[in-house]
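Colleague: To start, I am sharing the structure in question, which I have written as structure tokens.
The values are calculated or read from the model by the stated rules, or taken from the named source; none is laboratory data. Keep in mind it's a predicted model, so treat the numbers as computed, not measured. As a convention, Cβ positions derive from the backbone with ideal geometry for all residues, glycine included, and neighbour counts pool all protein chains shown.
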Amino acid sequence: MAAALKPTAVFIAGAHTDVGKTHVACALIAAARAAGLGVEALKPVASGFDPGNWASSDPGRLLAALGQPPTPHALDAISPWRFAAPLAPPMAAKLEGRALPLAPIAAFCQARIRAAEADLVIVEGVGGLMSPIADRATGLDLMAALGLPVLLVGGSYLGAISHLLTAAETLRGRGLRLLAAVVSESAEPAAPDFRETLGSIAEFGVEAFPAPRTASAPWVAELLARLMSAAAGG
Ligand SMILES: Nc1ncnc2c1ncn2[C@@H]1O[C@H](COP(=O)(O)OP(=O)(O)OP(=O)(O)O)[C@@H](O)[C@H]1O
Ligand SMILES: [Mg+2]
């Protein structure tokens with residue numbers, strides 16, 4: 001399919017860290033490619049990055065989903081700011097004696113989105129909604145700088161409902177558009193019932209797509225359609 005003049009760009013934010021942002025991003029990329037859509041992805045800032053073994057890192061997983069060879073050039077194109085320590089990026093950067101201002105990160109994302117020859121561009125943040133992503137700046141600040149609509153990913157662990165609702169409220173307060181929410185099923189055996197968690201979130205006014213831990217992902221096609229139509233004004 002021909003690339004749209006202006007791609008639909010979506011920021012994937014977490015209600016918490018390690019909840020499934022990259023999982024959802026990769027599933028969306030696969031669904032977009034299967035539907036014949038052009039798709040690009042950015043993970044501008046990544047920490048806990050091991051240059052000797054990065055297939056399982058977020059940039060590595062995104063490149064694999066995009067069907068791109070894992071070359072240093074491809075890596076630089078989607079994740080220019082990479083740090084070794086598995087810490088919030090500004091803390092990891094400090095350990096390497098590097099400053100990490102927000103402005104160049106935002107400028108990089110804007111330039112890549114403007115130049116994208118794709119129907120959909122997915123930008124993955126780091127950690128939870130207000131995890132520090134740059135010096136004195138959280139992921140929320142990057143979202144606000146980019147003005148992108150947000151796909152919010154939460155989990156189903158005990159405490160996840162509060163995290164998701166707090167994040168949704170915070171996005172609203174900052175004037176950012178919540179395009180859709182996804183509840184990615186948590187792996188802990190003791191986690192509350194997945195369907196009950198979804199039902200409870202809906203009762204509080206947030207409709208969320210369920211992403212259960214099953215091999216097939218029938219929710220993705222519907223989520224992709226929602227993103228594309230919402231971004232087109234539907
Ligand atoms: N719905 C799901 N089904 C199957 N596996 C999942 C699901 N959600 C998350 N996972 C798995 O859980 C782990 C953590 O998910 P993922 O890496 O996508 O989280 P993240 O929010 O991107 O983390 P980070 O904050 O480090 O960027 C991964 O191994 C991922 O494949
Ligand atoms: Mg991730």
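Colleague: So which of Ala160, Ala137, Ala180 ends up being small (Gly, Ala, Ser), over 18 Å from Asp58 (Cβ atoms) and more than 16 Å from ligand 1 (Cβ to nearest atom)?
Modeller: Sole residue among the options that is small (Gly, Ala, Ser), over 18 Å from Asp58 (Cβ atoms) and more than 16 Å from ligand 1 (Cβ to nearest atom): Ala137.
Colleague: Still on this structure: Name the residues in the range 139-165 that are within 27 Å of Leu100 (Cα to Cα) and either away from ligand 2 (no atom under 16 Å from the Cβ) or over 14 Å from the mean Cα position of the chain (by Cα) (or both), would you?
Modeller: Of everything in the range 139-165, those that are within 27 Å of Leu100 (Cα to Cα) and either away from ligand 2 (no atom under 16 Å from the Cβ) or over 14 Å from the mean Cα position of the chain (by Cα) (or both) turn out to be Leu140, Asp141, Ala144, Ala145, Leu146, Gly147, Leu148, Pro149, His163.
Colleague: If a residue must be part of a helix (DSSP H, G or I) and among the hydrophobic types (A, V, I, L, M, F, W, C), how many such residues does the range 110-129 contain?
Modeller: Matching residues across the range 110-129 total 3.
Colleague: Please find, among Ile113, Ile122, the residue that is of a type outside the set (Asp, Glu) and surrounded by 20 or more Cβ atoms within 10 Å (Cβ to Cβ).
Modeller: Step by step, each of Ile113, Ile122 is checked, and only Ile122 is of a type outside the set (Asp, Glu) and surrounded by 20 or more Cβ atoms within 10 Å (Cβ to Cβ).
Colleague: Find all pairs meeting these conditions: Cβ atoms under 8 angstrom apart; at least six residues apart or on different chains; first residue within the range 202-220 and surrounded by 12 or more Cβ atoms within 10 Å (Cβ to Cβ); second residue small (Gly, Ala, Ser) and part of a loop (DSSP other than H, G, I, E, B).
Modeller: Once the first residue is surrounded by 12 or more Cβ atoms within 10 Å (Cβ to Cβ) and sits in the range 202-220, its partners that are small (Gly, Ala, Ser) and part of a loop (DSSP other than H, G, I, E, B) give Ala211/Gly20; Ala211/Ala217; Arg213/Ala187.
Colleague: I would also like to ask the following. When only residues in the range 67-79 that are touching a helix residue (DSSP H, G or I) at 6+ places or on another chain (Cβ under 6 Å) and away from ligand 1 (no atom under 15 Å from the Cβ) count, which is modelled with the lowest pLDDT?
Modeller: In this case the residue turns out to be Pro70.
Colleague: Follow-up question, since we're still on this one. Would you be able to tell me the number of residues in the range 43-64 that are under 22 Å from Leu142 (Cβ atoms), within 12 Å of ligand 2 (Cβ to nearest atom) and either assigned to a helix (DSSP H, G or I) or small (Gly, Ala, Ser) (or both)?
Modeller: Adding up the residues that qualify gives 9.
Colleague: Among the numbered criteria (1) away from ligand 2 (no atom under 11 Å from the Cβ); (2) outside any helix (DSSP H, G or I); (3) charged (D, E, K, R); (4) surrounded by fewer than 20 Cβ atoms within 10 Å (Cβ to Cβ), which single criterion is violated by Glu40?
Modeller: With respect to (1) away from ligand 2 (no atom under 11 Å from the Cβ); (2) outside any helix (DSSP H, G or I); (3) charged (D, E, K, R); (4) surrounded by fewer than 20 Cβ atoms within 10 Å (Cβ to Cβ), Glu40 is out only on (4).
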